[in-house]
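Participant: Sharing a structure, written as structure tokens. Questions coming.
Computed from the coordinates by the stated procedures, all read-outs in this text should not be read as laboratory data. The model shown is predicted, which means the values in this text are computed figures rather than measured ones. Counting neighbours? That spans all protein chains shown, and the Cβs are built from the backbone with ideal geometry, glycine included.
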Amino acid sequence: MFAAILLDCIQSIQGERSISGIHNLIQGKKSSQTLQDARLYKLERYFGIYPSLSKLNAHKTAESLERRNFIRFNQENHPVLTDEGEKYLEDSFMKDGNFFSGMEHHRNIILFEKRLRLLIQTVTHSELKDFAFLPIVEDPSVQAWMKRLYRNNVISDLLTSLYEELNSVLSALSHLEAELFTRRLTGGGLIGETREQLAHDYHLSVEDVDLLIKHALFYMYRITLSRQENYPALTLCLEGMAKETLITSSAKQTLQWLNIGLSLEDIVQKRRLKLSTIQDHVVEAALIDPSFDIDGFISKEGQKDILTTLENLNTNKLKKLFEALDHNYNYFEIRLVVASSKHTFKEDRHAPSSTS
Amino acid sequence: MLRPRLHEQLSHHFGFSEFREGQKEIIEDVLQGQDVLGILPTGVGKSLCYQLPSLLMHGTTLVVSPLISLMVDQVKQLKAKGYKSVIALNSFMDYRERTAALNQLNHYRLIYVSPEMLQNPKIEKTLHTLDVSLFVIDEAHCISQWGHEFRTDYLKMDQVIEKVGNPPVLALSATAAPDVQKDIKKQLGRTNMIDHIYPMDKPNISFAVEFHEHQDDKKGRIRHMLAAQRLPTMIYFSSRQSAELVAEELNIALDQRVAFYHGGMEQMDRLLVQQQFMKDQLDVICCTSAFGMGVDKPNIRRVIHYHFPTQVESYIQEIGRAGRDGKPCASIVMYTPHDQLLPKMLMERELPEESAIERLFAWLTNHSALLSDEEMHEQLQLSESQWNFLKYQLEETQVILQSKVMFDVELWNKAKMHIRANLRKRWNYKNEKFHQMRDWLYFTGCRRLKLYEPFQEGVRNAEVDCCDHCGFTIDDAQLMEEEAADEITHNSWDVRLKRIFLQESINE
Ligand SMILES: Nc1ncnc2c1ncn2[C@@H]1O[C@H](COP(=O)(O)OP(=O)(O)OP(=O)(O)O)[C@@H](O)[C@H]1O
Ligand SMILES: [Mg+2]
Ligand SMILES: [Zn+2]
């Protein structure tokens, strides 16, 4: 699965970013650059799906893809898909549905997973009248959430419904995903297995184990979200989850200054940051907030100019755009227009269906 | 007078009917407000010696413990048993958790803390405000074993005790020779502690050392041993990689569940492995010393050392995991001549070489203050523990005051001499320890007698075959037939889900 995801990213990026850039995206680095990349290349779904992915492992996997002739590296040392890679990607898991929606949900998924694991353990051990189990999730806020449910008597008759909901959701996933997900669960006196144990038993890499389980969680989360009435037990784990705000806190501060009327230069002075950093913040806001107004930074004509060239060239490479526009606009202006243009395209946001 | 009441409290709070040897004596003195040094064998129940008093005394009991995992474990276990007002302050807590914990610290009766945490100004300030009625140092031999190098905060314990109002002190260990006992008392500033020293030999363990040519021979031998008898077993390694590697090989070769455990694993996986082992869902655990101290599984039958530790104290700690139920168990150390290099390398990573002192002072000449620890490692090419050692020495000789460099030729010359002498002393000490361990491996007499010789006079009679010198062989050992652990069956996911949710008995 990790290979397929990497190939998917490489295909969309078309040789314009390095493996490190792709790593940042999958790992969910909260930098303006990475957020922009995710939008530009329509890879939002993979943003932040694997926070513990190491750079080393991303590179190692890329090397093995190169050895298998799925990718090659161009002059800038950026990966590009080969025909074989294209074929492999086509035949991979993507066909049966890809339920990742990282940009929208990655942080909620982390919380959802912790709650679900602790809920399962608590519900089944209560049934066993074993109240001295060691909680598998250590996060105190999740433990406090669990205690609240427990005290409010919410979990007393959850055993069967939680079982049935999980059974139905897992049946809709691939056999492998259901296996891995279930073997990793702790509850009812059984202790879950480690990623290494699962990798060994199913002849997978640890990354694949992590991502397959993660994918199952994304599916579970989204199906629960879209049909709460059918999944009352799982819905408990969604309690109070806010929509993600992905804007970095540093960018937020810049926006606050902008909103009270400071110029970019004023903010540079105030925050003792480089102009380019402040500009990054503005581009980030343009990317994430559809209502962000860029008119104050570039004229309407300029915007039109850049948009036309963007469509004609069909590339996201700034350097090419810069040159095609005869150096009439600076990089900041071009990035800003490219960023805000992304909102005119609609993202695919289908809720998963239980039949796929 | 106290006795009947103490018994009541023991069964009331812990459900035990009797004290084990030494517990009552230590607890009585602690409750009288005495300073106590308690040496009890591994697995007897040293924790109870402060857990019970903490419930009977008015204020807070502060426990200094060397390993975060150990603290967190004990707290979880206490909580699971219903002892709620207990907490472990540790560096894994994020800022919010820590602030929340500190704000209500006075609600806790029992507080576990690492020596490093005690130096944190915020925590120190809060501890000030507590009414500390007992100060405990668990695994107190760490003061001597680690304190001088990479855990130098252990050496500041006396100051901390003073700052929290000089409460009575209880130091506990299972492995402290007379010189270490003296060092503990000295470092704590309590030379008049009352000794409660009990024999620390384990009558239910047999010893064997095996000599092999190559690493591969060791692996083959281990495979053979495990296949012959399926029993809860620990295998100790001195590197993470070899623990992982051998675990993988054994997993392939044997029809048993084998997993590795080390400090570099993800938190949840660490917990899972430990729990699987506790619940007998795992037969063999390949681990580094990160797994061990305080681990309290009753039925471990074999502790195998794939690499031998750098000192006898660590070895005794590690075999202390075996046979905590009092039934027969065995220690097997595997040795190849090549293995000598590993502990040497470990030691070199811990202590700086003498040439580092010149480098250090050359650096100081060009700087007015120390940089962050990470930058110092980098600039002086020192490991964390090497730098900790030197930094402590600089502070002690007052070449460094509050991170500022005090330039004074005379002071510096004296300091250099002082540091060099200390360094030599530590090198000698470590080498001695290492040779003591190695001599034991090569010893041709009774291993039990020899092992405990530095710690006590004589040993109790072994309840099992004593050692390879006295006629013990692991292949014939009667290590008790365990009730066969659950067979490894890989049910499909829907069956496992049913089992987790206890649906089988209801539906079928
Ligand atoms: N009086 C008692 N009766 C029965 N069981 C006891 C008693 N005291 C302690 N125990 C049990 O003995 C086990 C070992 O206790 P503990 O972990 O405190 O040992 P320890 O001496 O600290 O060992 P180590 O040196 O390995 O840390 C625990 O499971 C504890 O519950
Ligand atoms: Mg202990
Ligand atoms: Zn003997």
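Participant: Please express the shape of the stretch B:81-138 as an equivalent ellipsoid: the semi-axes are the square roots of 5 times the eigenvalues of the C-alpha gyration tensor, given largest first in whole angstrom.
Facilitator: Largest first, the stretch B:81-138 gives 16, 14, 12 Å.
Participant: With a bin width of 5 angstrom, please list the P(r) values of the stretch B:255-315 as percents of all Cα-Cα pairs, from the 0 bin to the one holding the largest distance.
Facilitator: 4, 15, 29, 27, 16, 8, 1
Participant: Follow-up. Calculate the translational D of the stretch B:299-380 in whole µm² s⁻¹ from Stokes-Einstein, where the hydrodynamic radius comes from the Kirkwood formula applied to all Cα pairs, the temperature is 25 °C and the viscosity 0.890 mPa s.
Facilitator: 150 µm²/s
Participant: When the distances between all Cα atoms of chain A are binned every 10 Å from zero, what whole-number percent does each bin get?
Facilitator: Taking every Cα pair in chain A, the percentages come to 5, 21, 28, 23, 15, 7, 1, 0.
Participant: For chain B, what's the radius of gyration and Dmax over Cα atoms, in angstrom?
Facilitator: Reported Rg and Dmax, both Å: 24.2, 86.
Participant: Under a GNM of chain A (C-alpha, springs under 10 Å), which listed residue has the highest mean-square fluctuation: A:154, A:282, A:80?
Facilitator: Its mean-square fluctuation being the largest, the pick is A:154.
Participant: GluC sites (Glu not before Pro), restricted to the stretch B:224-321: which are DSSP loop and have at most 14 other Cβ atoms within 10 Å?
Facilitator: When the GluC sites (Glu not before Pro) of the stretch B:224-321 are filtered for loop state and at most 14 Cβ neighbours within 10 Å, B:266 remain.
Participant: Put a dot 7 Å past each Cα toward the Cβ at residue A:331 and residue A:80; how far apart are the dots in nm?
Facilitator: 2.3 nm
Participant: While we're on this one: Using only Cα positions of the stretch B:33-138, each an equal point scatterer, no hydration layer, compute I(q)/I(0) via Debye at q = 0.12, 0.13, 0.17, 0.25 Å⁻¹ and quote the log10 values to two decimals.
Facilitator: -0.38, -0.45, -0.79, -1.75
Participant: Right, something else. Return the Cα extents of the stretch B:2-197 along principal axes one, two and three, sorted largest first, each rounded to a whole Å.
Facilitator: Here the spans come out as 44, 39, 28 Å, largest first.
Participant: What would the Debye equation give as log₁₀ I(q)/I(0) for the stretch A:2-91 at q = 0.18, 0.20, 0.21 Å⁻¹, counting only Cα atoms as equal point scatterers?
Facilitator: Each listed q corresponds, in turn, to -0.71, -0.88, -0.97.
Participant: Shifting gears a bit: Neighbour counts of other C-beta atoms within 10 Å: give me A:129, B:156, B:498, A:320 arranged from fewest to most.
Facilitator: Fewest-to-most Cβ neighbours within 10 Å comes out as A:129, A:320, B:156, B:498.
Participant: What list of whole percents do you get for P(r) of the stretch B:198-298, with Cα-Cα distances grouped in 5 Å bins up to the one holding the largest distance?
Facilitator: The percentages, shortest bin first, are 2, 11, 21, 25, 20, 12, 7, 2, 0.
Participant: Show which aspartates and glutamates lie in cross-link reach of residue B:433 when reach means a straight Cα distance below 17 angstrom and same-chain residues fewer than eight apart are skipped.
Facilitator: In chain and number order, the partners are B:149, B:179, B:183, B:313, B:318, B:339, B:348, B:350, B:453.
Participant: For q = 0.11, 0.14, 0.18 Å⁻¹, what log10 I(q)/I(0) does the stretch A:102-236 give under the Debye formula with an equal point scatterer on each alpha carbon and no solvent?
Facilitator: Log10 of I(q)/I(0), two decimals: -0.39, -0.64, -1.09.
Participant: Show me the chymotrypsin sites (Phe, Trp or Tyr not before Pro) within the stretch A:116-192 that DSSP assigns to loop and that have at most 16 other Cβ atoms within 10 Å of their Cβ.
Facilitator: Listed in order of number, the matching sites are A:131.
Participant: Neighbour counts of other C-beta atoms within 10 Å: give me A:182, B:191, B:397 arranged from fewest to most.
Facilitator: The fewest-first ordering by Cβ neighbours comes to B:191, B:397, A:182.
Participant: Can you tell me the dipole magnitude for the stretch A:2-91 around its Cα centre, using point charges on the Cβ only (Lys, Arg +1; Asp, Glu -1), in Debye to the nearest 20?
Facilitator: Computed charge dipole of the stretch A:2-91: roughly 420 debye.
Participant: When the expected Rg is taken as 2.2 N^0.38 Å, what fraction or multiple of it is the alpha-carbon Rg of the protein assembly as shown?
Facilitator: Compared with the compact-globule rule of thumb, the protein assembly as shown sits at 1.08.
Participant: So which lysines can residue A:317 reach, going by Cα to Cα under 17 Å and dropping same-chain residues fewer than 8 places off?
Facilitator: The reachable lysines, counting only those whose Cα sits under 17 Å from residue A:317, are A:42, A:342.
Participant: Tell me, what are the semi-axes, in whole angstrom and largest first, of the equivalent ellipsoid of the stretch A:16-66 as set by the roots of 5 times the Cα gyration tensor eigenvalues?
Facilitator: After diagonalising the Cα gyration tensor, the semi-axes are 18, 12, 9 Å.
Participant: Once R0 is set to 51 Å, what does the formula 1/(1 + (r/R0)^6) return for the Cβ-Cβ distance between residue A:68 and residue B:363, expressed as a FRET efficiency to the nearest 0.05?
Facilitator: 0.55
Participant: Over all pairs of distinct alpha carbons, what does the Kirkwood formula give as the hydrodynamic radius of the stretch B:426-481, in Å?
Facilitator: In the stretch B:426-481 this quantity evaluates to 13.1 Å.
Participant: Sort largest first and round to whole Å: the equivalent ellipsoid semi-axes of the stretch B:94-192, each the square root of five times a Cα gyration tensor eigenvalue.
Facilitator: Equivalent-ellipsoid dimensions as semi-axes: 25, 15, 11 Å.
Participant: Specify the angular offset, from 0 to 90 degrees and rounded to the nearest 10, of the alpha carbon long axis of helix A:159-171 from the longest principal axis of the alpha carbons in chain A.
Facilitator: Relative to chain A, helix A:159-171 is tipped by roughly 50 degrees.
Participant: Hey, got the dipole for the stretch B:5-85? About the Cα centre, +1 on K and R Cβ, -1 on D and E Cβ, debye to the nearest 20?
Facilitator: The dipole of the stretch B:5-85 has a size of about 420 debye.
Participant: Enter the angle in degrees (range 0 to 90, nearest 10) between the Cα long axis of helix A:300-313 and the first principal axis of the Cα atoms of chain A, meaning the one along which they spread out most.
Facilitator: Taking the Cα atoms of chain A, the angle to A:300-313 is about 70 degrees.
Participant: Still on this structure, please answer the following. Of B:200, A:136, B:376, whose Cα points farthest to the positive end of the dipole of the protein assembly as shown (charges on the beta-carbon: +1 Lys, Arg; -1 Asp, Glu; origin at the Cα centre)?
Facilitator: Ranked along the dipole, the leading option is B:376.
Participant: Right, another one. So which residue, out of A:51, A:232, A:140, gets the largest mean-square fluctuation from a GNM of chain A using Cα contacts under 10 Å as springs?
Facilitator: A:140
Participant: Let me ask something else about it. Who wins for biggest fluctuation among A:328, A:316, A:98 in a Gaussian network model of chain A, springs between alpha carbons below 10 Å?
Facilitator: A:328
Participant: Is there a quick way to get the dipole size of the stretch A:102-236? I mean about its Cα centre, with the Cβ of Lys and Arg at +1 and of Asp and Glu at -1; what is the value in debye to the nearest 20?
Facilitator: 520 debye
Participant: Within a 10 angstrom radius of the beta carbon, how do A:91, A:280, B:465 rank from fewest other beta carbons to most?
Facilitator: If I rank by nearby Cβ atoms, fewest first, I get A:91, B:465, A:280.
Participant: By how many degrees, between 0 and 90 and to the nearest 10, does the Cα long axis of helix A:249-259 differ from the longest principal axis of chain A?
Facilitator: So the helix axis and the longest Cα principal axis differ by about 50 degrees.
Participant: Can you give the FRET efficiency to the nearest 0.05 for residue B:341 and residue B:186, using r as the Cβ-Cβ distance and R₀ = 22 Å?
Facilitator: 0.05
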